[in-house]
1. Here is a list of conditions, (1) touching an Asp or Glu at 6+ places or on another chain (Cβ under 7 Å); (2) not in a strand (DSSP E or B), and ARG142 meets all of them except one; can you say which number that is?
2. Considering only the stretch 153-173, how many residues are of a type outside the set (S, T, N, Q) and not in a strand (DSSP E or B)?
3. Report, by residue number, each residue of the stretch 135-158 that is surrounded by fewer than 16 Cβ atoms within 10 Å (Cβ to Cβ) and free of Cβ contacts under 8 Å to residues at least 40 places away in the same chain.
4. Being closer than 24 Å to VAL51 by Cα and assigned to a strand (DSSP E or B) narrows it down to one residue among LEU80, LEU176; which is it?
5. So the check is Cβ under 8 Å with 6+ separation or different chains; which pairs have a first residue in the stretch 49-69 that's free of Cβ contacts under 8 Å to residues at least 24 places away in the same chain and a second one that's assigned to a helix (DSSP H, G or I)?
6. For the stretch 95-124: of the residues being loosely packed, with under 14 Cβ neighbours inside 10 Å and within 22 Å of ARG142 (Cα to Cα), which is farthest from the chain's Cα centre (by Cα)?
7. ILE126 is checked against (1) of a type outside the set (Lys, Arg); (2) without any contact (Cβ under 8 Å) to a residue 40 or more places away in the chain; (3) in a strand (DSSP E or B) and fails just one. What number does that condition carry?
8. Looking at THR132, THR144, which is the one that is touching a Leu at 6+ places or on another chain (Cβ under 8 Å), within 25 Å of VAL169 (Cβ to Cβ) and modelled with pLDDT of 95 or more?
Amino acid sequence: MQRARGRPRGHSGGTSESPLRILLAPRAWHECGTPPGIAEVLTAAIWSVIVDSSDVSRWFAEYLDVFAACGRGERDTASLLAYYGVPLLLTTDGGFFALTSDDQVVAAVQQQVDGMRAAAYDRSEIINSEVTVLNSTSALYRGTFARQRSDGSEIGRLTATYLVTDGPVGSRISVLAVHSP
């Protein structure tokens, strides 16, 4: 069956629908006085795809490819905004930071990228990783990575935990917690 335009999957518009399906339609939110735009965000959040550990691992591998391209100077650091949420909560031994704008996120990541470029970075090898699904919209990705040069020599290792959330704009890293060495 073809999906009706502008309606959630499974919404046929008929009167035989369940009250829950009717409630989840953007028009139901509008009828309750919800401002334009907010209704669509609420509906998208409710209809979010359930987080799956293998999907998170595949998404994270894609992120690492883009991150590596930035570290090699092949991509602009701002391209990582497709993977980082704003706000982004960042915690390291140096402190805790709530990055509340695209510019702040790019500036924080740029420091890492500049260091990687100065060290002749080529790629990150995943030493080990684990995904823990927390609920239908979020998962933790914990990984240990070896940053390497093109000759295979190791620059250093890093262990971090990422809170990956699935929202209206797709999957994003919402929290980045760098572990102490």
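The values are calculated or read from the model by the stated rules, or taken from the named source; none is laboratory data. Note that the structure is predicted; figures quoted are calculated from it, not measured. Using ideal geometry, Cβ is built from the backbone for each residue, glycine included, and neighbour counts are taken over all protein chains shown.
1. Checking ARG142 against (1) touching an Asp or Glu at 6+ places or on another chain (Cβ under 7 Å); (2) not in a strand (DSSP E or B), the one that fails is (2).
2. Taking the stretch 153-173 and keeping what is of a type outside the set (S, T, N, Q), we get 154-158, 160, 162-164, 166-170, 172-173.
Cutting the leftovers down to not in a strand (DSSP E or B) gives us 168-169.
Final tally of qualifying residues: 2.
3. Within the stretch 135-158, the first condition is being surrounded by fewer than 16 Cβ atoms within 10 Å (Cβ to Cβ), and the residues that meet it are 135-136, 142, 144, 146, 149-154, 156-157.
Result: ARG142, THR144, ALA146, ARG149, SER150, ASP151, GLY152, SER153, GLU154, GLY156, ARG157.
4. Selected residue: LEU176, the only one of LEU80, LEU176 that is closer than 24 Å to VAL51 by Cα and assigned to a strand (DSSP E or B).
5. VAL66/SER79; VAL66/LEU80; VAL66/ALA82; ALA69/SER79
6. Step by step, filter the stretch 95-124, then rank; the result is GLY95.
7. Just one mismatch for ILE126, condition (2).
8. Working: THR144 fails: within 25 Å of VAL169 (Cβ to Cβ).
Exactly one of THR132, THR144 is touching a Leu at 6+ places or on another chain (Cβ under 8 Å), within 25 Å of VAL169 (Cβ to Cβ) and modelled with pLDDT of 95 or more, namely THR132.
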